[in-house]
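The structure appears right after this line, and notes come after that.
What follows is calculated from the coordinates using simple rules that are stated; it is not laboratory data. Given the structure is predicted, the values throughout are model-derived calculations rather than measurements. Please note: Cβ atoms are built from the backbone with ideal geometry, for glycine as well, and neighbour counts cover all protein chains shown.
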Amino acid sequence: MRILLFSDIHGNSVALEAVLADSVRHGPYDLTLCLGDLAWAGPRPAEVLARLRALCGDDPTGQAAPAVCVVGNCDRFLLDEATAPPEKNGDRFARHRDWILSRLSPVDVAFLRQMPFSHRVAPLPGHDLLAVHANPRNVDDALQPDLSDGAIDALLGPAEFQALAYGHIHLPAVRLWRGRLLVNVASVGLPMDGDLRAAYSVLTWAGGGWRVGQYRVEYDVQRVAREMQRNGLPRGRRFAERLLRARYD
């Protein structure tokens, strides 16, 4: 079994297309998993949603691998009950949310609303892969790569998986914890490890456990930065600077 995993596209359809094209060389796949944060903070939210809806749609030929998108914290920003997180400026949050929603169709929003919190793959009993956005409990608390085993114990609680795949913090990482594999698949559209290239991962079930490969692919990041500044995206210059820096402040 081979699974394609990617996360945190953030409205960057150019990076998404680069990942999907490059990933073919590691396929074919039995399943594609997108781990959330699809549209927020990028210049092409509608194009990203259209592409992912097509991936997750029914294939009458039965030839395409199934695909599942799990929900991220920024996806929930676009739902009716969304309010600005405490750390965000309420007015800026509302302007950004309104701009994205003005570009999405009711079908796009319905797709965001129906995304599950998690997805589980069980090739054999006791060998589950659990896919989430941030952690198995919520979409907000970050599973940072430098956490101690004790801190991970407190965050994850009882681990009902052999492998955990997640995104959220935009940093690629692979770690063994209590005999279990933790894989941060990083970010397609907004990497934060100083590497401008889009990131994705491939997990392979090898009969007795999971193997992981992590990959990067170049795309026209300058083009996306220009779009952020010119297409009306609120605070587009700020987002473009962050994209080109590929680092947290």
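Below are the figures for this structure:
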quantity: Measure of compaction for the chain (Cα Rg per 2.2 N^0.38 Å); calculated: 0.97
quantity: Value at 222 nm in deg cm²/dmol, rounded to 500, when DSSP H runs of n ≥ 4 in the chain each add -39,500 (n - 2.57); calculated: -9000 deg cm²/dmol
quantity: Relative pair counts by distance (%), Cα atoms of the stretch 73-161, 5 Å bins; calculated: 3, 11, 17, 17, 16, 15, 10, 8, 3, 0
quantity: Sum of side-chain charges, G213 neighbourhood, beta-carbon under 14 Å (Lys, Arg +1; Asp, Glu -1); calculated: +3
quantity: Nonlocal amide H pairs with W177, under 5 Å, H built at 1.01 Å; calculated: L182
quantity: Separation between Cα centres of the stretch 178-242 and the stretch 105-123, rounded to whole Å; calculated: 20
quantity: A39 long-range amide H proximity, modeled H, under 5 Å; calculated: H10, G11
quantity: Karplus 3J(HN,Hα) series, Hz, for the stretch 163-172 with 6.51 cos²θ - 1.76 cosθ + 1.60 (x for Gly, Pro); calculated: 9, 10, 10, 7, x, 6, 9, 6, 10, x
quantity: For the stretch 20-33, 3J(HN,Hα) per residue [Karplus equation, 6.51 cos²θ - 1.76 cosθ + 1.60, θ = phi - 60°, Hz, x = Gly/Pro]; calculated: 4, 5, 5, 5, 4, 5, 9, x, x, 10, 8, 6, 10, 10
quantity: Semi-axis lengths (Å, descending) of the ellipsoid that matches the C-alpha gyration tensor of the stretch 151-228; calculated: 29, 15, 8
quantity: Relative contact order (%) - the stretch 1-114, alpha-carbon pairs under 8 angstrom, separation at least six; calculated: 27
quantity: Only Lys, Arg (+1) and Asp, Glu (-1) charged, at Cβ; the chain dipole about Cα centre in debye; calculated: 540
quantity: Karplus (6.51, -1.76, 1.60) ³J(HN,Hα), θ = phi - 60°, over the stretch 143-160, in Hz, Gly and Pro reported as x; calculated: 8, 5, x, 9, 5, 6, 4, x, 5, 5, 3, 5, 7, 8, x, x, 9, 9
quantity: Sequence-distant residues sharing a close amide H with A198 (under 5 Å, placed H); calculated: V217, Y219
